[in-house]
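Here's the structure we're looking at; comments come further down.
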Amino acid sequence: MKVAGVMSGTSLDGIDVAIVEIRGRRFQVEAFRSFAYPPRLRQAILNLDNVPDLARLHFLLGELYAEAVLKTSRESGLRPDLIACHGQTVYHQGRPVRFLGRRVSCTLQIAEAAVLAERTGLPVVSDFRPRDIAAGGQGAPLVPYVDYWLFRHPKRCRAALNIGGIANVTILPAGAKPHEVIAFDTGPGNMVIDALVERHTNGRLRFDRGGRLARAGRVNPQLLDRLLADSYYRLRPPKSAGREQYGAAFVERLLKEGLAPLDLIATATAFTAAAVAIGLGRFSPQPVEEVIVSGGGAHNQRILDYLRAFLPQARVAVSSEYGIDPDAKEAVAFAILGYETWRRRPANLPSATGARRAVVLGKITP
Ligand SMILES: Nc1ncnc2c1ncn2[C@@H]1O[C@H](COP(=O)(O)OP(=O)(O)O)[C@@H](O)[C@H]1O
Ligand SMILES: [Mg+2]
């Protein structure tokens with residue numbers, strides 16, 4: 001069947017749509033398109049602080065996602081049978097906190113599936129994360145199930161690294177069984193770099209294309225060490241991070257360091273790569289031989305350079321070398337996860353999320 005996977009990540013750069021033909025355990029990506037969020041919409045999501053706007057955005061995103069799917073379908077001449085929509089995360093708190101006398105974990109992805117279904121006439125699988133949280137997991141990461149399917153190797157220890165707003169890694173030991181997969185958010189991906197670039201250029205640039213600005217700066221080793229001293233990087237997986245950790249407040253603290261803007265961008269870029277290297281070094285049961293990079297950060301040559309410097313024993317390559325378009329990876333992954341839900345198959349890896357058991361993810365809007 002043809003599944004349209006729809007993804008928008010924490011970068012808030014826009015909507016990715018991949019139409020994937022899936023048969024049993026085989027799949028083929030037939031179309032992929034990205035649609036940028038209008039700047040005002042992006043700001044509205046970033047500044048979201050009241051319930052009426054939350055409800056409005058929820059429905060508005062449903063409309064925008066529907067338009068993105070319809071446009072991808074029209075332009076490719078492909079008609080999907082099912083939509084698998086991750087939605088836009090507006091809040092994620094994978095670990096329980098005390099709230100009104102009880103312990104609560106929660107997550108919230110928005111984009112109303114009823115609108116998507118109504119506009120497209122297609123069934124929709126949405127809201128993948130809550131069921132894993134209900135089963136005692138952190139609701140993230142979910143892509144490791146797909147990484148296992150795509151990249152597991154009988155003889156080599158591999159790591160699939162996605163560098164979106166946040167960077168997350170799936171470690172696949174040689175010949176791993178599902179319960180041996182280790183996955184976690186290593187720390188920031190592009191989120192901190194993006195914010196610094198936006199500040200430095202007064203909003204003229206949204207990201208460091210190719211890593212050119214970072215290349216023009218010098219890493220400040222003292223600041224890098226201090227950033228890496230945070231206890232998060234030593235915390236055992238499962239663990240997940242978000243805009244809550246690396247958003248505006250984090251960036252304000254960095255700006256107070258008084259470094260030259262390009263040096264700060266260079267340091268943030270090295271920080272992303274160093275946090276990955278620390279995570280792989282500490283938590284991989286075997287030396288990682290191959291790092292397979294996807295997400296928008298795969299286009300940042302400087303991140304790749306630092307990864308190679310900090311992981312000298314590993315081969316670091318972009319996922320396209322393994323047949324997966326780095327930009328389409330997560331949209332494809334959610335198409336596959338949606339397909340599993342449609343077939344009523346569990347698709348969380350308890351080893352990755354910390355859930356008590358494997359569960360069928362998501363909600364179906366017929
Ligand atoms: N050509 C490029 N050079 C450097 N960075 C890029 C490039 N293209 C995209 N990016 C980075 O990737 C980010 C988007 O990555 P993406 O994988 O879509 O993240 P998310 O899943 O969080 O939306 C952008 O915000 C930007 O930082
Ligand atoms: Mg994105």
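Of note:
- The stretch 1-157: C-alpha gyration tensor shape, a/c 1.5 cut-off, then a/b vs b/c: oblate
- Helix-only CD estimate at 222 nm, as mean residue ellipticity for the chain, using -39500 (n - 2.57) per DSSP H run (n ≥ 4): -11500 deg cm²/dmol
- Sorting the segments 303-315, 85-97 by their mean number of nearby beta carbons within 10 angstrom, highest to lowest, gives 85-97, 303-315.
- Percent of alpha-carbon pairs separated by more than 26 Å within the chain: 48
- Applying 0.36 nm per residue to the separation of E252 and R212 and subtracting their alpha-carbon distance, the gain on full extension is 12.1 nm.
- Model label sites at R119 and W149, defined 7 Å from Cα along the beta-carbon direction, differ in position by 2.6 nm.
- In the stretch 284-366, the convex hull through the Cα atoms has an average projected area of 7.3 nm², a quarter of its surface area.
- For trypsin sites (Lys or Arg not before Pro), the sites in the stretch 1-34 that DSSP calls loop and that have at most 10 other Cβ atoms within 10 Å are R25.
- Screening the chain for DSSP H helices whose Cα atoms reach 15 Å or more along their own axis and whose mean Kyte hydropathy is at least 0.5 gives 261-283.
- Cross-link pairs beyond the 31 Å C-alpha cut-off, checked among K177/K363; K71/K155; K329/K363; K71/K239; K71/K177; K2/K239: K71/K155; K71/K239; K71/K177; K2/K239
- Neighbours of L361 by Cβ distance under 14 Å: Lys/Arg scored +1, Asp/Glu scored -1, total +4.
Where a number appears in this text, it was derived from the coordinates with a stated rule and is not lab data. Quick caveat: nothing in here was measured; it's all calculated off a predicted structure. Reconstructed Cβ throughout: ideal geometry from the backbone, glycine too, with neighbour counts over all protein chains shown.
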